[in-house]
1. Does any residue of region 554-562 turn out to be under 30 Å from Arg453 (Cβ atoms), modelled with pLDDT under 90 and either of a type in the set (Lys, Arg) or part of a helix (DSSP H, G or I) (or both)?
2. Being among the hydroxyl-bearing types (Ser, Thr, Tyr) and either at pLDDT 85 or above or outside any loop (DSSP other than H, G, I, E, B) (or both) is the filter here, so list the residues in region 131-161 that pass it.
3. The conditions are (1) closer than 27 Å to Gln8 by Cβ; (2) of a type outside the set (Val, Ile, Thr); (3) buried (at least 16 other Cβ atoms within 10 Å of the Cβ), and Phe329 fails exactly one of them. Which is it?
4. Among the residues of region 10-67, which ones are in a loop (DSSP other than H, G, I, E, B), in contact with a Gly (Cβ under 8 Å, 6 or more places away or on another chain) and under 15 Å from Ile407 (Cβ atoms)?
5. Which residues, taken from region 91-126, are modelled with pLDDT under 95, among the hydrophobic types (A, V, I, L, M, F, W, C), assigned to a loop (DSSP other than H, G, I, E, B) and more than 17 Å from Trp212 (Cα to Cα)?
6. Name the single residue, out of those in region 405-426 being of a type in the set (D, E, K, R) and part of a strand (DSSP E or B), that is nearest to the chain's Cα centre (by Cα).
7. Within region 272-291, how many residues turn out to be under 24 Å from Ala328 (Cβ atoms) and either touching a Pro at 6+ places or on another chain (Cβ under 9 Å) or surrounded by 15 or more Cβ atoms within 10 Å (Cβ to Cβ) (or both)?
8. Which of (1) within 30 Å of Arg35 (Cα to Cα); (2) at pLDDT 90 or above; (3) out of contact with any Ser or Thr (no Cβ under 6 Å at 6 or more places or on another chain) is the odd one out, the single condition Val176 does not satisfy?
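The values are calculated or read from the model by the stated rules, or taken from the named source; none is laboratory data. Please read all numbers here as calculations on a predicted model, not as lab measurements. When we count neighbours, we look across all protein chains shown, and the Cβ atoms used for this are built from the backbone with ideal geometry, even at glycine.
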Amino acid sequence: MGQRKIRQSQTIVPFGVGAIFDFQGESLVGCDTFRWGAKGETVVSERLARVLGVTEFRSAPVSESNRWGNAATWGVPYSRFPSWLFCQNCRRMTRWRRSLEQEGKVPTCSSCPGKRQLVPMRWIQICPHGHMDDIEWRRWAHSRNPSHEARQCQSDQLFFETVKGKGGGGLDTLQVHCKACGSRRDLMGITSKGSMKSIGVSCSGRQPWQGWKDRQDCLEIPLAVQRGASNVYFPLVHSSIEIPNTSRTDTNDEKALEIKNDAWFRALLTLEDGAPQVDMTVDILAQTCGVSKDYIKGLARDERQRAQGRATTVEATPGDLLSEEWAAFLTEMQNSDDRNFRTRHVDLGKVASDADAQLDDRIDKVVLADRLREVRALEGFHRVTPGGKNTLVKAGLHHNMKWLPAIEVRGEGIFLSLDEGRLAVWEQKEAVRKRVAELDKRLERSFMVQRLRERTGPILEPRYVLLHTFAHLLIRRLAFESGYAATSLRERIYARSSDEAGAVKQAGVLIYTAAGDAEGTLGGLVRQGEPPALQSTILETLQDAMWCSSDPLCSENLASTFDSLNLAACHACTLVAETSCESGNYLLDRALVIGNEHEQLEGFFQPVLKAAMDAAGEGVRGL
């Protein structure tokens, strides 16, 4: 088929395995990882690999931006889909096959002079088990002809035409016409639930790049949709912020105790940072004990901090990515030389007013991450609705692949945690719980329930909606202040409210840059976190949230987005780019942040705003 170029990060989202990729009039679909062969560059993330049960990750091999290399050596495979194409001049439809492909050339019409490019049909079929295929256009064209001979017609003389004499531009103005037998049918009703069943079509049980011998039995009735529809592809992407020690706080497990009792480890603790013997000792311990160098360094760092009385008191559940990251951010690091994770704790700013004091009471910790490394891995995808593991199509399909496609990105970030005491009191307010309980009921009925429950836990708690909304508001303000594009900022929500199994409650957000280019490492975001810049930024964020160009409709809104999964939130005030949000712009409510007098609801940051407004009023009266 030839070479087509996309960014490496796009091979995970939005154009990963199973996704449709439109490229200059062509439509392609990403093939499964089994067809990658030995291609790919290794991406290291021990924590994420352990959670997902794989041995390694691989990223798509890259080529220099100004060079066209050999796709057989560095490219990853994409297949042409849909295979039904048509000519925009003569309207003839062609079923394209791999045997017709020419290296570096696009499909062209064999009937028209000038080699006009063929374009893909707009409609395809998908099923809830994740299969995708072309629509049987021959059967569709002949389905309204009662003649037995017409129904048996296998002619290739199909034409995709506009019906003359009809206006409005609806589906009834488009038809598929067989000129061999005269059968024709317009597209009215093609996207209805039973359209494919009405013409006797069942699911093919395969993906577009698979042959018929690879198909699986599937009893689902396929659904006809436009190939750019939002329900064609729901990727399941996992991510991990790489922290220095994969088990920072589980320092009493069997492996850690074994290492601590080793003479080489005791010798390591006596060495000063930067001593030439450190690297050699770490290497010996890592090889002898079968662990990574980062594990050894993290264990030694934790032991030194314990000896100095500065060890973290935050317990992380082993294997819980967010729990381990939460512990890492709350642990102060001294003179860390880790190139993947470097943090420092700072103050929010000088308390010079009542508003500053109110804000300081609600913000517990501010941590600046000068260096961050994030690994994102694609486990698989769903179609029609984002379901559970039983309908997940794995990135390797039915092949027993021990690796997953992934990318690594580097950046910087600002971590904020809320005061747990004040948050717990606010969460128990009747108006707060009643409002979030209604949102939780809607979530339970939603088609997004299984995907969003992975973020919220079994019950949607007020802290998640509060933190999620606050993160969005902060992203919008930081994009304005820091100069970064809003799409280059991402959120990560830490909102565990249950203390089951000894897990520590969490209430924090990480706003970070993790773009696949140099923009994520310019330092502008961390500078915004320095005191007193962050203090004023948060106050301005809350002031921005007080007013929306869609008010009062937005502030009093009790239902928005699909399945009414947002309350007081809209594009003018709260929503961000889909690439920035971990929950698809769902579960947002501005009223929980700043309050709503109409509902007699007190927002968590409402006292901060009231103090700021009172101070502003005093200033005006003083003039």
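1. Yes, the conditions are met somewhere in region 554-562.
2. Across region 131-161, the qualifying residue is only Ser143.
3. (1)
4. Phe15, Gly16, Ala19, Lys39, Ala60, Pro61
5. Matches in region 91-126: Val106, Cys109, Cys112.
6. Residues of region 405-426 that are of a type in the set (D, E, K, R), as a first pass: 408, 410, 412, 419-420, 422.
Still in the list and also part of a strand (DSSP E or B): 408, 410, 412.
Details: Glu408: 14, Arg410: 16, Glu412: 18 Å.
Residue satisfying both the conditions and the ranking: Glu408.
7. 7
8. (1)
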